[in-house]
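FYI, it's all coordinate maths here, none of it is from the lab. The model shown is predicted, which means the values in this text are computed figures rather than measured ones. Cβ atoms come from the backbone with ideal geometry, glycine included; neighbour counts cover every protein chain shown.
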Amino acid sequence: ERARQRLDFFDRYGAYIINYAFGEAVVGGYVQRSVGESEPDYARWRALFDLLTTPRTPQMLLAE
């Protein structure tokens, strides 16, 4: 029964699972490229805030 539930979930939300993981990687890469490694944590939060408040396409995040 549990295996069937898992398969039903994958059938229903399969694209969501892939997009969620890929989106996390894209956003993480954008933040890392936007802020130097030696910058404090608040700079990363600021980059994330800027990302969330400025319209961008996914392609723009990959290209930046």
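Odds and ends about this structure:
- Residue-count net charge about Asp8 - beta-carbon cut-off 13 Å; Lys, Arg +1, Asp, Glu -1: +2
- Debye, to nearest 20: dipole size of the chain, +1 on Lys, Arg Cβ, -1 on Asp, Glu Cβ: 220
- Karplus-based coupling profile of the range 23-31, in residue order and whole Hz: x, 4, 5, 5, 5, x, x, 4, 4, with θ = phi - 60° in 6.51 cos²θ - 1.76 cosθ + 1.60 and x standing for Gly or Pro.
- Computed per residue of the chain from DSSP H runs no shorter than four, each worth -39500 (n - 2.57), the mean residue ellipticity at 222 nm is -27500 deg cm²/dmol.
- Recomputing mean projected area of the Cα convex hull in nm² from the coordinates shown identifies the correct label among [x] 3.9; [y] 4.8; [z] 5.9 as [z].
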